[in-house]
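For reference, the structure discussed in these notes is given below.
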Amino acid sequence: MPKLTPPSEIARRPVVYDVTRIVTRALNAAPNGIDRVDFALARHFLARRERARRALICTAIGPRLADPDLALETIEGVESLWREDGDAEEDDVYHRVVAALRSQDSARASLRRARKAPSLLFLRQNWRALRRWAPHLGRPLREAPAGAIYFNVTQFLIDRSWYVRWLAARPDIKPVFFVHDLLPIEAPEFFRAREAMLHPRRLSNICRYGAGVVVGSHAVAGRLRQYAAENGRPELPVCVARLPVSPVFLSPAEPPAGLDGVNYFVVCGTIEPRKNHLTLLNAWRALALDPAPPKLVIVGKRGWLNGAVVETLERSASLRPHVIEAGGLSTPGLRRLLAGARALLMPSFAEGFGLPVAEALAAGTPVVASDIEAFREVGGDAIDYVDPLDGLGWLQAARDYSTPHSPRRRAALERSTADVAGSDAFFAKIDDFIARL
């Protein structure tokens, strides 16, 4: 068994944290799962004063070292735009979703795109965040501390040879990458053709330069080890660090005011083929014929290759009274909605982890999810599983959970004590891993 590194040595290990993608996120109205992991680890490494800290950012002349305090200010600014530390009551999207759930007016088109409108203040703040970095030239990478860890959590620009070639000139630097999944390689039909082309390049550079890789699940770890072995790195060290949920999901929350007795479900994720929204929409076509149909809140922005879903959302008269599209919802807003939902529905075809599932279980909300490896690792027996191709199964689950005092929902609530990872354990595992490299 490898010898554990004392905490004092871990604290002294210098880290160069890549913030290039973080700076670009000021253009987005709300975070996704990768954003949450990236921002959490950036804070962890850049805010610790007892170690040599550096940030790395891509500039007009290539990757350069940047001031970690400036990077932290950018993180705080973007998170304030996202209202991550606020209250659901401060979120306009949340209020519009609640209003749509309350609405009984099925005579008009009550399908809403309750998304965040880009206010003038929002645009100004975004521009200010980006403008601070536009002329930034930073310091040359030769000034990176000797023996430092270079940490890239998002694989952003890792497919570009010019972006990573500095690592060849600094063999003392130990690059560590976070690999969220291999899905663009394993299931390219769910992604843009360009993404399916770029992901092998990213993983090839990770296998070439990486001193270690962090993943969020054993499911991804197994696939990555096989890929690395096939690409000449059978010995590539891999750390499995289960993704932590935001503390907001660990705190009690009241259901949205005025929604007592309102029957609704939540599905969370970017609208793209892998998330399988179309199966739920087809189930809701049938539910619309029931005497008291439930409503469905779709939390997530519109992504790619989603023409059939978007056409259905925008043109189906039968779905208009019953489906609400909520893009730009804050994390506190999602927490409050989950508190009153019958269940979180996650019909994904494939996932690397499934953070919304962990968040819902932490919040005490029942979860009906696809019977796939990643979800079984996250939720174990706490989840009610349905095959992603079983449209009638999803329809029956929605009907069963809609029933007052539903035995199936009650049984799910009794099982919903999943093992939820905390941030401290997540950071400690990664700290110990990089200290041993």
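Read-outs: derived from the displayed coordinates by stated rules, not from any lab. Given the structure is predicted, the values throughout are model-derived calculations rather than measurements. Here the Cβ positions follow ideal geometry from the backbone for every residue, glycine too, while neighbour counts run over all protein chains shown.
Which whole-Hz ³J(HN,Hα) couplings does segment 236-245 yield from phi under the Karplus relation 6.51 cos²θ - 1.76 cosθ + 1.60, θ = phi - 60°, glycine and proline marked x?
Values, residue by residue: 4, x, 10, 10, 9, 10, 4, 5, x, 8 Hz.
How many lysine pairs does the chain hold where the Cα atoms are under 29 Å apart and the two sit 8 or more places apart or on different chains?
Value for the chain: 8.
Longest span of the chain, sites excluded, free of GluC sites (Glu not before Pro) in DSSP loop with at most 10 other C-beta atoms within 10 Å?
Of all site-free stretches, the longest is 236-437.
Taking the Cα centre of the chain as the origin, how large is its charge dipole in debye, to the nearest 20, when only Lys and Arg (+1) and Asp and Glu (-1) carry charge on their Cβ atoms?
Working: 59 positive and 49 negative charges, 274 e Å.
Dipole size: approximately 1320 debye.
Kindly put 46, 413, 392 in sequence by how many other C-beta atoms sit within 10 Å of each C-beta, fewest to most.
Lowest to highest Cβ neighbour count: 392, 413, 46.
Taking amide H positions as placed 1.01 Å from N in the peptide plane, with prolines and chain starts having none, which residues 5 or more places from residue 149, or on another chain, fall under 5 Å of its amide H?
Under 5 Å from the amide H of residue 149 lie the amide H atoms of 15, 16, 174, each far enough along the sequence or on another chain.
By per-residue mean of other Cβ atoms within 10 Å, what is the highest-first order of 266-277, 398-409? Don't skip to the answer; put the middle values down first.
Values: 266-277: 22.9, 398-409: 15.4.
The packing order, highest mean first, is 266-277, 398-409.
Picking from 40, 228, 168, which is most flexible by a Gaussian network model of the chain using Cα springs under 10 Å?
Highest fluctuation of the listed residues: 168.
Considering the dipole of the chain built from charges on the beta carbon (Lys and Arg +1, Asp and Glu -1) around the Cα centre, which of 219, 237, 207 is farthest to its positive end?
My answer, from the dipole projection, is 207.
In the chain, what percentage of the DSSP-assigned beta bridges are antiparallel, given to the nearest 5?
Bridges in the chain that DSSP calls antiparallel: roughly 15 percent.
Karplus couplings for segment 379-388 from phi (6.51 cos²θ - 1.76 cosθ + 1.60, θ = phi - 60°), rounded to Hz, Gly and Pro as x?
x, x, 7, 6, 9, 8, 9, 9, 4, x
What is the dipole size for segment 144-296, taken about its Cα centre, with +1 at each Lys and Arg Cβ and -1 at each Asp and Glu Cβ, in debye to the nearest 20?
600 debye
Grab the DSSP H runs of the chain that are 4 residues or longer, score each as -39,500 (n - 2.57), total them, divide by all residues and round the 222 nm result to the nearest 500 deg cm²/dmol.
Computed ellipticity for the chain at 222 nm equals -12500 deg cm²/dmol.
To make sure I understand, if each residue's beta carbon is the centre and we count other beta carbons within 10 Å, what order do 349, 45, 191 fall in, fewest to most?
Ranking 349, 45, 191 by Cβ neighbours within 10 Å, fewest first, gives 349, 191, 45.
Only one of the values (i) 87, 57, 49; (ii) 78, 52, 44; (iii) 69, 50, 41 was calculated from this structure for Cα extents along the principal axes in Å; name its label.
(iii)
For residue 264, what residues show an amide H to amide H distance below 5 Å, using hydrogens built from the backbone and excluding near sequence neighbours?
For residue 264, the qualifying residues are 295, 342.
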